[in-house]
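The values are calculated or read from the model by the stated rules, or taken from the named source; none is laboratory data. Owing to the predicted nature of the structure, the values given are computational and were not obtained by experimental measurement. Positions of Cβ are backbone-derived with ideal geometry, glycine not excepted, and every protein chain shown enters the neighbour counts. Heads up: the accessible areas ignore ligands, DNA and RNA and are worked out on the full protein's heavy atoms, side chains in. Shrake-Rupley method; radii C 1.70, N 1.55, O 1.52, S 1.80 Å.
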Amino acid sequence: MSIINFFAHNIKPRKLEGTGMLNPANTSVISENVSCIRQWDVNIWFYTKNGTTIAFDSGYETFPDLEGEFVKIGVDPKLIKTVLITHADMDHAGGISDKGTRIFPNACVYIHENEEDMLLGKEERFVFGPLRIKNPIVYSGRYCCLKDGETIYIEGIKIEVFYVPGHTPGHASYLVDDKVLITGDSLAINKNGGYAFFDFFNMNSKQLRQSLVEFKNRIKEVDVNLVCTGHSGYTRDFKSIFNHIDEHGIGTKRAPFDDRAPQNAFK
């Protein structure tokens with residue numbers, strides 16, 4: 001087990017318990033087009049139209065009874081041909097990693113071009129003084145690199161790419177059919193709206209704050225009706241998601257970031 005995986009499964013649940021920083025949506029069908037699976041503290045999102053389902057992110061390397069979660073939303077992972085990765089952290093790209101069980105065995109992966117080395121396990125994820133820790137994801141399957149501002153069509157589903165670096169070097173968010181926004185770990189959201197993602201987990205927090213300003217300006221004229229995040233579930237209040245992007249979300253046991261969040265998202 002890598003250092004990052006050990007931290008995620010053994011340290012992170014204890015350190016973040018009671019802080020309200022993790023509030024994923026439960027596995028469910030959200031709307032006619034959108035559904036999600038919850039893996040502990042993170043969501044995998046699915047968009048379905050005209051019989052085609054595409055996935056956004058792939059969760060952890062392993063998760064108990066994942067097959068049962070797919071049954072709940074009526075999705076067969078073997079039929080999914082397209083997976084768009086917001087970023088290659090182990091809780092978002094673990095499900096496509098060679099080290100785990102590939103949950104979308106027949107899919108081609110799409111990722112921003114600046115995240116390619118993270119996907120291939122070549123780039124360092126954390127640097128603590130002399131300690132340099134590479135990203136634990138290793139991927140050898142089919143993939144395509146995306147560029148900022150690019151628009152692709154998957155069986156009639158329109159996907160626009162927004163480059164929002166800072167959490168990782170190639171973090172991307174995706175606008176689907178001009179109405180559903182997949183934000184990954186660029187934003188943390190509570191009842192007061194959206195904040196820049198929690199500082200400790202970002203590779204470059206200053207860059208992230210700058211990226212969010214640009215992101216806000218580029219997407220402000222779009223009529224988004226559903227915003228799907230990595231760890232804060234979803235919201236229909238698009239107007240609020242950039243309310244506090246000049247500051248990072250903060251959560252403590254005395255002052256939880258989101259008082260609606262479970263005490264421990266890993267239970």
- Note on the structure: Considering only helices (runs of 4 or more DSSP H) wholly within the range 1-102, the ones with at least 1 residues that are under 28 Å from Asp178 (Cα atoms) are 66-73, 90-93
- Query: What do you reckon, is Gly100 open to solvent by 20 Å² or more (accessible area, probe 1.4 Å), of a type outside the set (D, E, K, R) and more than 20 Å from Ile159 (Cα to Cα)?
  - Reply: yes
- Task: Test each condition in (1) part of a loop (DSSP other than H, G, I, E, B); (2) open to solvent by less than 20 Å² (accessible area, probe 1.4 Å) for Cys228 and report the one that comes out false.
- Result: (1)
- Note on the structure: The residue from Ala172, Ala188, Ala265, Ala261 that alone is aliphatic (A, V, I, L, M), crowded, with 23+ Cβ neighbours inside 10 Å, modelled with pLDDT of 95 or more and more than 14 Å from the chain's Cα centre (by Cα) is Ala261
- Message: Take Gly95 and tell me if it is within 21 Å of Pro169 (Cα to Cα), open to solvent by less than 10 Å² (accessible area, probe 1.4 Å) and either in contact with a Lys or Arg (Cβ under 9 Å, 6 or more places away or on another chain) or touching a residue at least 60 places away in the same chain (Cβ under 8 Å) (or both).
- Response: yes
- Message: Which condition from (1) farther than 23 Å from Arg38 by Cα; (2) open to solvent by 60 Å² or more (accessible area, probe 1.4 Å) is the one that Pro64 breaks?
- Response: (1)
- Residue set Tyr163, Tyr139, Tyr110; condition in contact with a helix residue (DSSP H, G or I) (Cβ under 8 Å, 6 or more places away or on another chain), under 16 Å from Asp57 (Cβ atoms) and surrounded by fewer than 24 Cβ atoms within 10 Å (Cβ to Cβ); output residue Tyr139
- Query: Going through the range 205-236 one residue at a time, which ones are among the aliphatic types (A, V, I, L, M) and closer than 21 Å to Phe46 by Cα?
  - Reply: Val222, Val224, Leu226, Val227
- Per the filter on the range 141-175, residues of a type in the set (D, E, K, R) and free of Cβ contacts under 8 Å to residues at least 60 places away in the same chain are Arg142, Lys147, Asp148, Glu150, Lys158, Glu160
- Query: If you go through the range 21-40 one residue at a time, how many are touching a Lys or Arg at 6+ places or on another chain (Cβ under 8 Å) and of a type in the set (Gly, Ala, Ser)?
  - Reply: 2
- Test set (1) touching a Lys or Arg at 6+ places or on another chain (Cβ under 8 Å); (2) modelled with pLDDT under 95 - Asn106 fails condition number: (2)
- Message: For the range 144-157, check the following and say yes or no: at least one residue is crowded, with 21+ Cβ neighbours inside 10 Å, touching an Asp or Glu at 6+ places or on another chain (Cβ under 7 Å) and not small (Gly, Ala, Ser).
- Response: yes
- Every residue from the range 204-213 that is in contact (Cβ under 8 Å) with a residue 40 or more places away in the chain and surrounded by 13 or more Cβ atoms within 10 Å (Cβ to Cβ): Ser205, Gln207, Leu208, Arg209, Gln210, Ser211, Leu212
